[in-house]
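Since the structure comes first, as structure tokens, the remarks are kept for the end.
The values are calculated or read from the model by the stated rules, or taken from the named source; none is laboratory data. Keep in mind that this is a model prediction, so the values were computed, not measured. Because the Cβ atoms are built from the backbone with ideal geometry, glycine has one as well, and the counts that use them run over all protein chains shown.
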Amino acid sequence: MGLNGGSQASHLGKEMVYAVGEFLAAVCDCARLEIRDMRLLSGGAVQENYALDIEVEGGADHGRHALVLRTDATSRVQTSLSRSEEFAVLKAVHAAGVNVPEPLWLCEDPSVIGRTFFVMRRVSGVAAGHKLVRDPGLETARESLLERLGRELARLHTIRPGVPGLDFLPECGYAPALNRVNLYRRYLDLLSSPQPALEWCLNWLERNQPENVDVVLCHSDFRTGNYMVDNGKLTGILDWEFAAWSDFHEDIGWFCARCWRFGRDDREAGGMGGREAFYRGYERSSGSSVDHNAVAYWEVMAAVRWAVIALQQAERHLSGEEESLELALTGRLVPEMEMDALMQIDSIAGRQSA
Amino acid sequence: MNNEPDGAELLRVAQKVLREHLLPGVAKQQRYEALMVANAMAIAARELEAGDAGLREELRMLTELYGDTVVSQSGTSVKEKVARLNKRLAKDIRAGVMDGACAQGVRALLKAQVIGRLRVSNPKYLKAAGIE
């Protein structure tokens, strides 16, 4: 087993690159391993992702590999899964056949780079939502892409409580919506400014919870921007740090909510197209039908959730923790989400009385 | 005091210069940040221009809901009154005490508050939604 730190990676901390190389050389079946490149990828305030190119000589892993190393950013917020937990989720969903970057190795030894990290295969393509909804090259591909996303989501939702390896996920009982309502109320209590409109929406959400809930493993941030597309084809669903047991309609509502259409409000399925193809893919794969009223309910929840997150981000700026124009402006998005929620509640009420 | 052009006008014209003359020359990597600066300036300009009209309208609606006595006991300035009454309103909604006869009024008040904030933060949203 030999190791070469590689010259192209020198712009990162040499010690870090060397430590990662040593770790990989130990876990790979190889005679020699070289890190050809390692660079920090943009995006992700909470996680750091490094593109990692390695070359392995000898053994079962012989050849070149394009990988991603994912670790916590130094300033991390403790509201989502740890990297070890996210790795476990990624393994479970990969085993279930969901299209995700293949998880390879987890390193929990803090002596290696100081933080837990895992390594997965790198998938190619574009994830940025504003690009995907505007790319004219995707015009003919969006319909089949949506159907595929529906199928992938249905496959994820075959994972149910009790599956081994995911015991760390909090139980959700039979009232996932109420859990969310209680959580967002606790978050609001930590903020300095009162939010009467959101309180009103939360009351509505408490009183109008869907019945006969089917609890499955949800991604909980399944939306345009969190999946990768290359040449019109889905190459992988990303960012599993919010995975949780919940009503499967939560993922569908989050995907379709107006706040995740990147300005293409007319395309109700993630700014990419109509709901039909997305629902069709989901229903054909799962064999169960999408309850449109439940999705409408979870879209109210989505708007409230985004509003609460936006308030938390603005608070980070206001409290002096992190001065940032982006965080400050995020606070000014809140009334859009409030209006989304209020109008969505109106439209549900209109549908019920019709 | 005559200090013209006023702050709102300065922000408005500065934002226009930024968008029309400077942005085309901004490097691609800095474009997003420059757009954020322009957006922040536009919001601040609209806020200055609106003055305290929105706040006074909010106080009028809160007074309709809670009555003159409660309002007069809720601080001195318009800003302080609105802040305190909103705190009480949020609490009352959570406690479920706004569900009876006043439910419709509360609902209308909340919607008006949100629309008022959108007029400053994102008037385009109101147009797109067909509200204004």
Exercise. Quick one: what pairs do we get from region A:238-262, first residue assigned by TED's automatic domain parsing to the domain that holds A:Leu41 and closer than 15 Å to A:Arg305 by Cβ, second surrounded by fewer than 24 Cβ atoms within 10 Å (Cβ to Cβ) and of a type outside the set (A, V, I, L, M, F, W, C), C-beta under 9 Å, 6+ apart or different chains?
Worked result: none
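For B:Arg19, state whether it is of a type in the set (D, E, K, R), surrounded by 18 or more Cβ atoms within 10 Å (Cβ to Cβ) and over 30 Å from A:Glu206 (Cα atoms).
Answer is no for this residue.
Being more than 24 Å from A:Ala154 (Cβ to Cβ) and in the same structural domain as A:Glu299 (by TED's automatic domain parsing): is that true of A:Glu199 here?
Taking the combined requirement at face value, the residue satisfies it.
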Seminar exercise, completed: In the set B:Ala90, B:Ala83, the lone residue that is of a type in the set (A, V, I, L, M, F, W, C), within 11 Å of chain A (Cβ to nearest Cβ), over 17 Å from the mean Cα position of the chain (by Cα) and surrounded by 14 or more Cβ atoms within 10 Å (Cβ to Cβ) is B:Ala90
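How many of the residues in region A:307-330 are part of a helix (DSSP H, G or I), more than 9 Å from chain B (Cβ to nearest Cβ) and free of Cβ contacts under 8 Å to residues at least 40 places away in the same chain?
Step one: list which residues in region A:307-330 are part of a helix (DSSP H, G or I), which gives A:307-318, A:325-330.
After this cut, where a residue has to be more than 9 Å from chain B (Cβ to nearest Cβ) as well, the list is A:307-318, A:327, A:330.
Narrowing the set further to residues that are free of Cβ contacts under 8 Å to residues at least 40 places away in the same chain leaves A:309-310, A:313-314, A:316-317, A:327, A:330.
So the answer is 8.
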Exercise. Which of the residues belonging to region B:93-110 are over 20 Å from A:Ala349 (Cα atoms) and surrounded by 16 or more Cβ atoms within 10 Å (Cβ to Cβ)?
Worked result: B:Arg94
Exercise. Are any of the residues in region A:101-117 among the small types (Gly, Ala, Ser) and in contact (Cβ under 8 Å) with a residue 12 or more places away in the chain?
Worked result: no
Exercise. Residue check: is B:Gly100 closer than 20 Å to A:Leu202 by Cβ and more than 12 Å from chain A (Cβ to nearest Cβ)?
Worked result: yes
For this session: Would you mind stating whether A:Leu153 is out of contact with any Ser or Thr (no Cβ under 7 Å at 6 or more places or on another chain), part of a helix (DSSP H, G or I) and in contact (Cβ under 8 Å) with a residue 24 or more places away in the chain?
Result: yes
Exercise. Within the bounds of region B:62-73, is there any residue that is surrounded by 16 or more Cβ atoms within 10 Å (Cβ to Cβ) and of a type in the set (D, E, K, R)?
Worked result: no
